[in-house]
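Chemist: This is the structure I have questions about; it appears just below.
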Amino acid sequence: MKKALLIVATAIGFNIQLHAQQAVNDVSFGKGLLNYVAADSSFKVKFAPRMQVRYYANSDFDNGNLQGIEHDFLVRRSRFKFDGWAYHPSIGYKMEFGLTNNDMSGANEFTKNAPRMILDAVIKWKFAPNFELWAGQTKLPGNIERVISSANLQFVDRSLLNSRFNIDRDLGVQLRHKSTFGSWVTKEKFAISQGEGRNITSGNEGGLQFTGRLELLPFGEFHKKGDYTGSATYRETTPKLLVAYTYDMNGDAVKTRSVMGSYMYLSDGSLYSTDITTHFVDVAFKYQGFSLMSEWSQRSAANPIAVEQDGTPTGDVVLVGSAYNLAIGQFISEKVEVAARYTSLQFDPLTGSDDVQQYTLGLNKFVVGHKLKVQSDVSYTLNNGNADGIMFRTGFELHF
């Protein structure tokens with residue numbers, strides 16, 4: 001809490017100082033509480049807090065019969081985000097801090113048992129035309145659903161594919177490039193990272209992680225980065241299509257889900273490691289008020305069963321398998337959208353995990369785009385083909 005108050009005080013200090021310099025202020029709802037360019041054009045800063053409040057109702061099946069309903073109210077996300085540029089517009093930055101228990105959870109000995117408040121802390125240098133070099137902690141160029149901001153989701157939350165197979169944030173460097181060939185646009189993204197996730201402070205216990213992503217946009221770029229925004233909030237006047245492939249190899253990975261999951265400890269306190277490979281294939285399409293997003297993911301490991309030095313299994317297993325996700329949406333009025341999603345998870349039998357299928361229907365009301373919206377969805381889940389549960393979710397997003 002003290003850190004959060006310090007961030008707010010810093011933002012207020014920026015406000016006072018920049019007014020004294022007669023800085024340029026471009027503030028309106030959706031553009032941040034602070035959005036300044038210094039009077040001498042030496043930097044730009046935007047401060048944009050946001051929050052998501054949610055209600056969940058769950059009911060499980062027992063021998064084909066629904067049981068009692070469990071209710072949960074929570075602040076799903078509450079975040080402070082700063083971005084802009086420093087010294088020159090070619091040197092950008094982004095800092096984002098998570099304030100909820102969910103965002104800060106995951107403390108361990110490798111984070112010095114401190115809450116994981118930092119989400120993003122990255123600098124972005126446009127060192128040549130169509131080239132960018134990123135350094136710091138941020139999202140890896142993985143599956144499209146994960147890279148879409150949680151503020152811009154089509155459903156109340158991301159799919160089960162994302163929660164089981166994504167490669168999330170990490171510390172490292174990324175090189176990004178864009179090429180244009182007539183109407184065609186290609187984007188290449190490469191990353192070398194630590195391979196253990198965000199906020200690690202006690203060194204790299206495993207090897208390095210290597211990620212490469214290729215994106216093809218045959219009809220040109222989406223309006224306002226709409227390929228990385230859920231729902232067709234902007235009505236594309238011509239069809240827009242993204243087809244992408246990501247390859248990720250985490251060398252000597254020490255977690256059960258590559259960069260995510262739990263650490264695989266041995267009895268002597270050291271960590272078990274193995275090479276883990278993840279593939280993603282993504283498709284995104286938008287035209288007028290219609291949107292489609294399809295994802296396929298597959299994870300494999302050189303030696304997925306963690307063993308002691310003598311070959312005895314420890315009980316930890318890399319979550320190897322594959323997943324598929326399909327989401328479609330259609331605006332039925334200017335600000336109301338209906339959406340549907342199907343997700344399938346298939347795990348290798350050695351994991352002992354059930355195969356899962358989930359069907360989701362959603363209804364969204366966009367008051368001011370994704371900046372102010374109300375969302376709801378209902379999901380029906382099956383485990384190994386058997387009815388498992390029904391979940392209803394609703395909530396709102398407020399993003400300055």
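Chemist: Got a sec? Which strands (runs of 3 or more DSSP E) wholly within segment 300-349 have at least 3 residues that are in contact with a helix residue (DSSP H, G or I) (Cβ under 6 Å, 6 or more places away or on another chain) and at pLDDT below 95?
Modeler: In segment 300-349, no matching strands (runs of 3 or more DSSP E) lie anywhere.
Chemist: What single numbered condition from (1) over 25 Å from Ile167 (Cβ atoms); (2) outside any strand (DSSP E or B); (3) at pLDDT 95 or above fails to hold for Ser353?
Modeler: (1)
Chemist: Quick check: anything in segment 60-71 in contact with a Lys or Arg (Cβ under 6 Å, 6 or more places away or on another chain), buried (at least 16 other Cβ atoms within 10 Å of the Cβ) and either touching a residue at least 12 places away in the same chain (Cβ under 8 Å) or more than 30 Å from Gly362 (Cα to Cα) (or both)?
Modeler: No - not one qualifying residue is present in segment 60-71.
Chemist: Does Glu215 satisfy the condition of being assigned to a strand (DSSP E or B), of a type outside the set (Val, Ile, Thr) and either on the phi > 0 side of the Ramachandran plot or touching a Leu at 6+ places or on another chain (Cβ under 7 Å) (or both)?
Modeler: Working: assigned to a strand (DSSP E or B): yes; of a type outside the set (Val, Ile, Thr): yes; either on the phi > 0 side of the Ramachandran plot or touching a Leu at 6+ places or on another chain (Cβ under 7 Å) (or both): yes.
Yes.
Chemist: Separate question: Taking the options Asn199, Asn250, name whichever one is on the phi > 0 side of the Ramachandran plot and crowded, with 20+ Cβ neighbours inside 10 Å.
Modeler: One residue alone meets the criteria, Asn199.
Chemist: Which ones in segment 224-233 are surrounded by 16 or more Cβ atoms within 10 Å (Cβ to Cβ) and either not in a loop (DSSP other than H, G, I, E, B) or not β-branched (Val, Ile, Thr) (or both)?
Modeler: Gly226, Asp227, Gly230, Ser231, Ala232
Chemist: While we're looking at this one, here's another question. Give the residues of segment 361-400 that are of a type in the set (D, E, K, R) and either surrounded by fewer than 16 Cβ atoms within 10 Å (Cβ to Cβ) or in a loop (DSSP other than H, G, I, E, B) (or both), sorted by residue number.
Modeler: Lys365, Lys371
Chemist: Quick check on my filter: what residues within segment 72-97 are surrounded by 15 or more Cβ atoms within 10 Å (Cβ to Cβ), out of contact with any Asp or Glu (no Cβ under 7 Å at 6 or more places or on another chain) and among the charged types (D, E, K, R)?
Modeler: Arg76, Asp83
Chemist: Moving on. Give me the pairs: first residue in segment 261-275 and over 18 Å from Gly203 (Cβ atoms), second residue of a type in the set (A, V, I, L, M) and assigned to a loop (DSSP other than H, G, I, E, B), beta-carbon distance under 6 Å, and six or more apart or on different chains, which are they?
Modeler: Qualifying pairs under 6 Å: Thr274/Ala302; Asp275/Ala302.
Chemist: Could you give every pair whose Cβ atoms fall below 9 Å, whose first residue belongs to segment 332-344 and is among the aromatic types (Phe, Trp, Tyr), and whose second residue is assigned to a strand (DSSP E or B), counting only separations of at least 6 or pairs across chains?
Modeler: Tyr342/Tyr324; Tyr342/Asn325; Tyr342/Leu326; Tyr342/Ala327; Tyr342/Gln357; Tyr342/Gln358; Tyr342/Tyr359; Tyr342/Thr360
Chemist: Which members of segment 276-296 meet the condition of being among the small types (Gly, Ala, Ser), without any contact (Cβ under 8 Å) to a residue 60 or more places away in the chain and assigned to a strand (DSSP E or B)? Steps first, answer last, please.
Modeler: First pass over segment 276-296, keeping only residues among the small types (Gly, Ala, Ser): 284, 289, 291, 294.
Filter once more, keeping what is without any contact (Cβ under 8 Å) to a residue 60 or more places away in the chain: 289, 294.
Correct list: Ser294 only.
Chemist: Something else now. Might you check whether a residue that is out of contact with any Lys or Arg (no Cβ under 8 Å at 6 or more places or on another chain), at pLDDT 95 or above, at negative phi and of a type outside the set (Val, Ile, Thr) occurs anywhere in segment 88-106?
Modeler: There is at least one residue in segment 88-106 that is out of contact with any Lys or Arg (no Cβ under 8 Å at 6 or more places or on another chain), at pLDDT 95 or above, at negative phi and of a type outside the set (Val, Ile, Thr).
Chemist: Please give the number of the condition Phe210 fails out of (1) under 15 Å from Phe285 (Cβ atoms); (2) assigned to a strand (DSSP E or B); (3) among the hydrophobic types (A, V, I, L, M, F, W, C).
Modeler: Failed condition: (1).
The values are calculated or read from the model by the stated rules, or taken from the named source; none is laboratory data. In this text the structure is predicted, and so the values were computed from the model without any measurement. Neighbour counts are summed over all protein chains in view; Cβ atoms, including those assigned to glycine, are modelled from backbone coordinates with ideal geometry.
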